[in-house]
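The values are calculated or read from the model by the stated rules, or taken from the named source; none is laboratory data. The structure displayed is predicted, hence computed values, not measured ones. We place every Cβ from the backbone using ideal geometry, glycine too, and count neighbours over all the protein chains shown. Please note that ligands, DNA and RNA were not included when accessible areas were found on the heavy atoms of the full protein model with its side chains. Shrake-Rupley method; radii C 1.70, N 1.55, O 1.52, S 1.80 Å.
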Amino acid sequence: MGWVFEYALVDRTGKHNLAELRSFQDWHLRYALESVKGVAEVAVVGGFVKQYQVDLDPNKLRLTELPSARS
């Protein structure tokens, strides 16, 4: 079986960029659509996925009381 329904999020006001539209899709609209009886999957295509990068300082990490992976 293929796709049955296709939609596009469009901001005609120009207030939201593609990353904001994708975030709305991923965190709100997707869950609302998946809760509809008979919807098996919401496949997302396009937009910009927001990513986070965490940079750790190994020297500061050694000062914490976290257990070492080596012990």
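Brief remarks follow.
- Adding -39500 (n - 2.57) for every DSSP H run of four residues or longer, then dividing by how many residues the chain holds, sets the calculated 222 nm ellipticity at -5000 deg cm²/dmol.
- With a Förster radius of 25 Å applied to the C-beta separation of W3 and V54, the computed FRET efficiency comes to 0.10.
- Couplings for the stretch 33-39, taken from phi via the Karplus curve 6.51 cos²θ - 1.76 cosθ + 1.60 with θ = phi - 60°, read 5, 5, 7, 6, 4, x, 7 Hz in order; Gly and Pro are left as x.
- Computed magnitude of the charge dipole of the chain (debye, nearest 20; Cβ of K, R +1, Cβ of D, E -1): 120
- Cα pair distances exceeding 15 angstrom across the chain, given as percent: 69
- Sparsely packed loop sites in the chain (the GluC sites (Glu not before Pro) outside DSSP H, G, I, E and B with at most 10 other Cβ atoms within 10 Å) comprise E6, E41, E65.
- With DNA, RNA and ligands ignored, accessible area of V10 (1.4 Å probe; Å², nearest 10): 90
- The listed residues T13, T64, once ranked by accessible area (1.4 Å probe) with the largest placed first, stand as T13, T64.
- Environment charge of L21, counting only residues whose C-beta is closer than 15 Å and scoring Lys/Arg +1, Asp/Glu -1: +2
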